[in-house]
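The values are calculated or read from the model by the stated rules, or taken from the named source; none is laboratory data. Treat the numbers as computed from the prediction; the structure is a model and nothing was measured. Heads up, the Cβs are rebuilt from the backbone with ideal geometry, glycines too, and the neighbour counts pull from every protein chain shown.
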Amino acid sequence: MNAPVIGRKLQSVENGMFDHPEFRGHEQVVFGHDRASGLFTIIAVHDTRLGPALGGCRMWAYASSAEALTDALRLSRGMTYKNALAGLDLGGGKAVIIGDARSAKTPELLAAFGAQVDRLGGTYITAEDVGISAPDMEIVATRTDHVRGTRATGLGDPSPYTALGVFCGIRAALRHRFGSDSLEGRRVCVKGLGHVGMDLAGQLHRAGARLVLADIHKPTLEDAAARFGAEVVAADAAHAADVDVFAPCALGAGLNDETIPQIRAGIVAGAANNQLAEERHDEALRERGILYAPDYAINAGGVISIALATPGGDDALVRSKVEAIDETLTRIFERAERLSLPTQQVADTLAEERLAAA
Ligand SMILES: NC(=O)c1ccc[n+]([C@@H]2O[C@H](COP(=O)([O-])OP(=O)(O)OC[C@H]3O[C@@H](n4cnc5c(N)ncnc54)[C@H](O)[C@@H]3O)[C@@H](O)[C@H]2O)c1
């Protein structure tokens, strides 16, 4: 991308910030540029009523700076809700770096990003996200203390904690739906066998579940199927598998007008972010009698581990907080049933209640 062009586009977007469709009372949005390294970053602080805004930094080859702003606004608000519902004393924020992580990421650019974060004086705490790895965060940390998930502050890869939270969430959903959280003989379809999905599949297998697996990466799928004695299903048919639980652990927007009528599972509970293609799809799931575990409630294990880990500390506190996702989801399911509301709407309300009380 040509730097001066980006600069002009950012200027024009900034002028329209408060009219932006994704603007929802964000407290601060910072547009950062570093001439020497070519850094273009947007840091969005949505809400700090519960504490400093924690949220990852995403590096992506956005087609335009307007697209990057949209992502920063939307994702930072999502972090406010996720952190509030997870019971963390942290607000919501997110950073995006405009550029291709494979070709444009340099130590100088990461250090310059760290300097931008530092300028916010702790209002925003950064962590890894898509395109930014744990080693990258070590470089960011050379310029700011407002970083989590580094060797000095964390327990390492958050994915096992995310998987643990999803496993606990699936049990909560089973208990609510069937009166027993036993996985013995339950059929579960896991779509996406990456860092989270593979770990989750292992936990489900050990607990006695019968697995149906899907992934677009054939070697991964074949390896998992052999290890867990699982059936395989085509990735684009996974949502329609004849199972008790469908666990989407790949990309978002998988629950939409086309897929929802085809879902045979009574429960949808997985790690993927932004599973609903549109907000109204939570009601579509409810109408079909499908119990949906809101994505940001069930996949909060990773952020809990990032937020609460202490250097060299054991992970007992973190694990107990992650396991409490079971209770959070149970509250959501019970309230949704009592009020005949979709579960995502109830999750949003619970998060908003906590924010309002802060
Ligand atoms: N890693 C975490 O701690 C964490 C935390 C919260 C949310 N999430 C969300 O969980 C999801 C999985 O995260 P991850 O870290 O395991 O990612 P990952 O990149 O390690 O794994 C994703 C897997 O999904 C597969 N995949 C991609 N598209 C697919 C498709 N259309 N059909 C089937 N499989 C497909 C990939 O081949 C890969 O194996 C993402 O949506 C992520 O945003 C992850």
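Residues of the range 210-223 being surrounded by 15 or more Cβ atoms within 10 Å (Cβ to Cβ) and within 24 Å of the chain's Cα centre (by Cα), which ones?
Answer for the range 210-223, where residues must be surrounded by 15 or more Cβ atoms within 10 Å (Cβ to Cβ) and within 24 Å of the chain's Cα centre (by Cα): Leu211, Val212, Leu213, Ala214, Asp215, Thr220, Leu221.
How many residues does the range 190-205 hold that are within 12 Å of the ligand (Cβ to nearest atom) and more than 18 Å from the chain's Cα centre (by Cα)?
1
Quick one: is Gly208 away from the ligand (no atom under 14 Å from the Cβ) and either in contact with a Pro (Cβ under 9 Å, 6 or more places away or on another chain) or not acidic (Asp, Glu) (or both)?
Judged against the criteria, Gly208 is a match.
Taking the range 25-60 as the region of interest, how many residues are assigned to a loop (DSSP other than H, G, I, E, B), without any contact (Cβ under 8 Å) to a residue 60 or more places away in the chain and more than 26 Å from Asp348 (Cβ to Cβ)?
Total satisfying the criteria: 1.
Looking at Thr150, Thr144, which is the one that is crowded, with 17+ Cβ neighbours inside 10 Å, away from the ligand (no atom under 16 Å from the Cβ) and either modelled with pLDDT under 95 or not in a helix (DSSP H, G or I) (or both)?
Thr144
Within the range 72-89, is even one residue surrounded by fewer than 19 Cβ atoms within 10 Å (Cβ to Cβ), in a helix (DSSP H, G or I) and among the hydrophobic types (A, V, I, L, M, F, W, C)?
no
Give just the number: which of (1) in a helix (DSSP H, G or I); (2) at pLDDT 95 or above; (3) over 14 Å from the mean Cα position of the chain (by Cα) does Ala66 not satisfy?
The single condition Ala66 does not satisfy is (2).
Can you find a residue in the range 300-307 that is modelled with pLDDT of 95 or more and either more than 21 Å from Leu50 (Cβ to Cβ) or surrounded by fewer than 20 Cβ atoms within 10 Å (Cβ to Cβ) (or both)?
No: the range 300-307 contains no residue that is modelled with pLDDT of 95 or more and either more than 21 Å from Leu50 (Cβ to Cβ) or surrounded by fewer than 20 Cβ atoms within 10 Å (Cβ to Cβ) (or both).
Filter the range 262-299 for residues that are surrounded by fewer than 21 Cβ atoms within 10 Å (Cβ to Cβ), more than 24 Å from Arg148 (Cβ to Cβ) and of a type in the set (S, T, N, Q) and give the result.
Correct list: Gln262 only.
Can you name every residue in the range 176-189 that is within 24 Å of the chain's Cα centre (by Cα) and surrounded by fewer than 22 Cβ atoms within 10 Å (Cβ to Cβ)?
Once the filter is applied, which keeps residues that are within 24 Å of the chain's Cα centre (by Cα) and surrounded by fewer than 22 Cβ atoms within 10 Å (Cβ to Cβ), the range 176-189 yields only His176.
Go through Ala240, Ala226, Ala234 for me and flag whichever is more than 10 Å from the ligand (Cβ to nearest atom), farther than 17 Å from Leu183 by Cβ, surrounded by fewer than 13 Cβ atoms within 10 Å (Cβ to Cβ) and free of Cβ contacts under 8 Å to residues at least 40 places away in the same chain.
Just a single option satisfies the conditions, and that option is Ala226.
Are there any pairs with C-beta distances below 7 angstrom linking a residue in the range 191-214 that is assigned by TED's automatic domain parsing to the domain that holds Ile170 to a residue that is of a type in the set (Ser, Thr, Tyr), with the two at least 6 apart or on different chains, and if so which?
Close Cβ pairs (under 7 Å, with a partner that is of a type in the set (Ser, Thr, Tyr)) amount to Leu193/Thr220; His195/Ser159; Val196/Ser159; Val196/Thr162; Asp199/Ser159.
Could you tell me which residue of the range 243-296 is nearest to the ligand (Cβ to nearest atom), considering only residues that are β-branched (Val, Ile, Thr) and assigned to a strand (DSSP E or B)?
Ranking the candidates gives Val268 first.
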